[in-house]
Structure formats: C-alpha cells, structure tokens
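Worksheet: the structure to be examined is printed underneath.
Throughout, read-outs are computed from the coordinates displayed, never taken from laboratory work. Remember, predicted model here, so these are calculated numbers, not experimental data. Note that each Cβ is placed from the backbone with ideal geometry, even for glycine, and that neighbours are counted across all protein chains shown.
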Amino acid sequence: MKQYYIKEYSDSHHTKVIIIPIFDDNYVYILTDETRKAFIVDPGQAESVIGVIEELKLQPTHLLITHSHQDHVGGVKKIKSRYPSMALFDYRNCINETNFFQWNDRSFTVFKTPGHWPDHICFFEERNKILFCGDILFRFGCGRIFDGTFEELYSSLQKIKMLPPDTDVFCTHEYTRQNLAFCMSQQLVNRDDFSEQERILIESTPSLPVKLETELRFNPFLKVATLEGLKKLRILRNEFKS
Ligand SMILES: [Zn+2]
C-alpha cells in the first residue's frame, strides 16, 4: 500500500491534507500548509505518522482526536513523547455543543456528534471547508452505534447536513465500497446515477475526500427524513454481510 496521499488546496497558504492509510481501512489525516506546522487527526498508530512528519519535515503542533476508540488514539502516547510540545485537542476541550478554535491563522468549528461513541466530536476548518468527521459519517453510510442512541446519531447527522454543500468530507475509515454494496442490495442507490468522475472516486483508494453535496445526494443515512427511517436503515446495515 502507498505510504500516503496528498489533497492540495488552492488557497494562498497552500493548505494540504495528507492522508495516511493505517491498519486495514483507517486513515490518519495531517492538515498542514506552507508554514509546515501540522495538525494530526486520529493517529491510531504512531510509526507511519512519524515517518511522514520526518519525510516532509513537518512541525507537528496539535493532535485532534474525534473520539477515544483505540484505532483513533493508539499512536498518541508515542507521538507525544517524540514531540513533547504538542497539544492535544479532544472532547475535553469542548465546553459547549459548538466550539471555536484558532490554529495557524485559520478558524475551526468543533461540534459534538454523539451516537457512535459518547465523546465523539467533528472538526470543521472554515477557510477551505474541510470536515474531519471521525466515525460518525462514512461514504454511503454512517457510524455504528456502540454507545449511544438513535436519537443522538440522527441529530449528529443533522448537524453535518447543515454545513456548506461544498465541504470536503474526510471520514476515518475506507468503508465506501462495502457501504455501496449495502445500498445497492436495498436499491437505495442506482449506479447509473453516478457521473464518470464519481465512479472513478468510488473505485479509488482513498475514495476520500468526498463533497458533502455528493453524500447529500446519495447517502441514504443523510437522505432519510425521520428518526424511524434512520433506525430501520441502521438495523438493516448491521445485518448486512457483503
Ligand atoms: Zn469508532
């Protein structure tokens, strides 16, 4: 597997999101720009992240944790001991439902998104409209409820729906093709509705980021209009074996 991928933005700061595959289907993300300061999201493992930081000569300043599952935090200790001045940002930094955060001359909104796990938060960078949504939303799917309620999951997904449609969504897992297989098994998505460009992205690794407007069009877990509808879909998805 390739060591990492880079999504470049055309803003004056040369913003980049570095996508590092770890384990079977996790991604660690690093947000950086021409300053080389780096913000690491969900480091489930340390070695590959440190490798990329060293290779690209980045200066890591912050760790963002969307939630405390081991595959999102497993690398924190090692990374912190390697770069002791790094700060950690997680649920404990979120006093309100919605919180604001400044980093490296840019603004972020951080909002609580329980449903998959109680301490889950999402991180939205406003200038380039970049969303790090952890395990609450996936392409053609959403997070499984481990410790939470359908009500929480539903309201968390509603919060994401309110973001600008041209937001770039970065989920922590590559579940696109399994989720699409489920959607097609239930006739929830028709492959003929995809543009050529969408088809190529779906077949790619990573299949991310995806525009929120694409998910609003195709993702049944975002399209569903009621809590009952979401409940039914989530139960069907739990039972689905690809
Ligand atoms: Zn999780």
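One line per residue, one yes/no per condition, for (1) surrounded by fewer than 20 Cβ atoms within 10 Å (Cβ to Cβ); (2) under 24 Å from Phe138 (Cα atoms); (3) β-branched (Val, Ile, Thr); (4) away from the ligand (no atom under 15 Å from the Cβ):
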| position | (1), (2), (3), (4) |
| --- | --- |
| Ile22 | no, yes, yes, no |
| Lys37 | yes, no, no, yes |
| Gly51 | yes, no, no, yes |
| Ser81 | yes, no, no, yes |
| Tyr91 | yes, yes, no, no |
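Are any of the residues in segment 91-114 under 18 Å from the mean Cα position of the chain (by Cα), in a loop (DSSP other than H, G, I, E, B) and under 23 Å from Lys16 (Cβ atoms)? Taking every residue of segment 91-114 in turn, none turns out to be under 18 Å from the mean Cα position of the chain (by Cα), in a loop (DSSP other than H, G, I, E, B) and under 23 Å from Lys16 (Cβ atoms). Within segment 221-242, residues that are under 18 Å from Glu151 (Cβ atoms) and in contact (Cβ under 8 Å) with a residue 40 or more places away in the chain have Cβ atoms under 6 Å from residues that are of a type in the set (S, T, N, Q) and surrounded by 14 or more Cβ atoms within 10 Å (Cβ to Cβ) in no pair, counting only partners at least 6 apart in sequence or on another chain.
Working only within segment 55-90, note down all residues that are within 17 Å of the chain's Cα centre (by Cα), acidic (Asp, Glu) and either assigned to a helix (DSSP H, G or I) or more than 15 Å from Ile40 (Cβ to Cβ) (or both). The one that is within 17 Å of the chain's Cα centre (by Cα), acidic (Asp, Glu) and either assigned to a helix (DSSP H, G or I) or more than 15 Å from Ile40 (Cβ to Cβ) (or both): Asp71.
Evaluated against (1) loosely packed, with under 15 Cβ neighbours inside 10 Å; (2) farther than 16 Å from Gly148 by Cα, Pro118 falls short on exactly one condition, (2).
Out of segment 56-79, which residues are within 16 Å of the ligand (Cβ to nearest atom) and either aliphatic (A, V, I, L, M) or buried (at least 17 other Cβ atoms within 10 Å of the Cβ) (or both)? Correct list: Leu64, Ile65, Thr66, His67, His69, Asp71, His72, Val73, Gly74, Gly75, Val76.
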